[in-house]
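The structure under discussion appears below in the form of structure tokens.
The values are calculated or read from the model by the stated rules, or taken from the named source; none is laboratory data. Everything numeric in this text was worked out from a predicted model, so none of it was measured. So basically every Cβ, Gly included, is an ideal-geometry build from the backbone, and we count neighbours across all protein chains shown.
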Amino acid sequence: MDFSLFVHMERMSAKDTYQELHDQFIELAQMADAGGMRTVWTGEHHSMDFTISPNPFLLLTELSQKTEQIRLGTGTIVAPFWHPIRLAGEAAMTDLITGGRLELGIARGAYSYEYDRLGGGMDAWAAGEHLREIIPAIKGLWVGDYAMEGKHYAFPKSTAIPKPLQKNGPPVWVAARDPNSFDFAMKKDCHIQVTPLWNGDDEVVDLMAKFKEAKAANPEKSPKAMLLNHTAVGANSTDIAQDCKDMSRFYCHFGAWFRNERPITNGLITELSDDEMAKIEMFSPENMLKNNVVGTPDQVTERVMNYQKMGYDEYSFWIDSGASFKDKKRSLRLFIDEVMPNFKGNT
């Protein structure tokens with residue numbers, strides 16, 4: 001099993017400066033690189049302090065100069081906010097600059113807050129249509145002399161300039177949840193990234209079942225499956241209790257962003273009070289402990305080994321959690337030092 005780190009500049013309070021968050025982002029990525037993780041992933045978001053990354057290619061290019069060997073992934077590009085020619089060219093340039101280390105994750109996006117601002121108020125269905133058009137387009141543009149006449153994109157014969165360093169272009173990963181997305185990704189020779197979010201291991205099992213069903217329908221394909229899961233590793237019960245509390249706060253605010261109903265001022269959402277968060281049972285600290293990968297190194301190891309047995313090829317440590325930088329470093333350090341070594345020889 002491969003391991004990776006999923007991380008953003010994460011701003012929960014106006015007290016956090018962008019420079020501090022940037023420096024912390026770099027340090028966590030460097031820890032992952034030195035610790036032998038395969039990839040560091042960072043996504044695309046706009047006009048939101050919650051997860052800061054208006055163009056992940058910029059951060060990944062910087063990381064290529066400050067890390068040694070870790071691969072550099074977009075987790076994920078939001079397809080409807082891009083034109084295929086621009087995306088193919090910028091991804092290829094990033095691949096060239098990083099020495100062929102790019103992994104290109106693409107999704108339809110999730111936040112109506114962003115759709116309202118960059119997508120003309122589109123919904124998730126329309127965003128999914130963009131995703132299904134843009135993936136074959138960028139793959140065609142990397143080969144060259146590709147023309148398109150689609151519902152959302154149309155252009156005469158064009159090519160990506162520059163061409164990617166990696167033969168056939170960077171590996172493409174599709175964020176998938178419904179069965180049609182799994183089947184589409186495999187047919188287009190893409191790997192698949194899934195996340196249960198707050199839904200626990202029943203969802204993890206269901207997502208792998210969808211992956212295997214799509215694989216059975218496409219036996220000639222050899223996609224990889226990556227599981228992205230909120231993770232925290234504690235040395236003792238005090239650490240674990242704090243991690244669950246932080247994760248609860250994160251998800252309460254995640255849900256508020258997703259519903260797009262709460263006041264937002266200068267990129268910061270109005271914080272939920274303790275009383276408001278206490279009423280959101282599904283995001284309680286107790287449910288965070290149950291439904292996310294939180295625990296001692298031994299407990300986390302056991303849980304991740306179960307995912308490996310299910311058939312997942314990569315486990316991505318989602319470190320965004322509202323935790324302090326000190327606690328994030330503690331958690332990642334324990335994962336690298338006391339969890340990952342248990343999987344040596346099992347990849």
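Observations on the model:
- Residue in region 154-175 that is part of a helix (DSSP H, G or I), surrounded by fewer than 22 Cβ atoms within 10 Å (Cβ to Cβ) and not basic (Lys, Arg) present: no
- Of the residues making up region 10-35, those that are over 27 Å from LYS224 (Cβ atoms) and outside any helix (DSSP H, G or I) are ARG11, MET12, SER13, ALA14, LYS15, ASP16, THR17.
- Candidate set: region 36-47, residues that are in contact with a Leu (Cβ under 9 Å, 6 or more places away or on another chain) and in a loop (DSSP other than H, G, I, E, B); chosen: the one surrounded by the most Cβ atoms within 10 Å (Cβ to Cβ): MET37
- Test: residue in region 55-66 that is surrounded by fewer than 22 Cβ atoms within 10 Å (Cβ to Cβ), closer than 19 Å to ASP337 by Cβ, of a type in the set (S, T, N, Q) and out of contact with any strand residue (DSSP E or B) (no Cβ under 9 Å at 6 or more places or on another chain): no
This table checks each residue for (1) closer than 23 Å to SER13 by Cα; (2) in a helix (DSSP H, G or I); (3) aliphatic (A, V, I, L, M).
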{"site": "LYS245", "(1), (2), (3)": "yes, yes, no"}
{"site": "ARG249", "(1), (2), (3)": "yes, yes, no"}
{"site": "PHE254", "(1), (2), (3)": "yes, yes, no"}
{"site": "TRP257", "(1), (2), (3)": "yes, yes, no"}
{"site": "GLU271", "(1), (2), (3)": "yes, no, no"}
{"site": "ASP275", "(1), (2), (3)": "yes, yes, no"}
{"site": "ASN287", "(1), (2), (3)": "no, yes, no"}
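- Answer from PRO196, PRO171, PRO219, PRO162 - the residue that is over 23 Å from the mean Cα position of the chain (by Cα), under 24 Å from THR42 (Cβ atoms) and not β-branched (Val, Ile, Thr): PRO162
- Scanning region 116-132 for any residue that is more than 30 Å from GLN69 (Cα to Cα), assigned to a strand (DSSP E or B) and modelled with pLDDT of 95 or more turns up nothing.
- Among the residues of region 201-221, none qualifies, meaning not one is under 25 Å from PHE317 (Cβ atoms), outside any helix (DSSP H, G or I) and without any contact (Cβ under 8 Å) to a residue 12 or more places away in the chain.
- Extreme residue, surrounded by the fewest Cβ atoms within 10 Å (Cβ to Cβ), among residues of region 314-347 that are within 15 Å of THR195 (Cβ to Cβ) and of a type outside the set (Val, Ile, Thr): ASP320
- Within region 276-307, restricting attention to residues that are among the aliphatic types (A, V, I, L, M) and within 23 Å of the chain's Cα centre (by Cα), the residue that is surrounded by the most Cβ atoms within 10 Å (Cβ to Cβ) is VAL294.
- Failed item in (1) crowded, with 17+ Cβ neighbours inside 10 Å; (2) assigned to a loop (DSSP other than H, G, I, E, B), with LYS151 passing the rest: (1)
- Per-region count, region 12-34, residues within 23 Å of ALA256 (Cβ to Cβ), of a type outside the set (Ser, Thr, Tyr) and either out of contact with any strand residue (DSSP E or B) (no Cβ under 8 Å at 6 or more places or on another chain) or modelled with pLDDT under 95 (or both): 4
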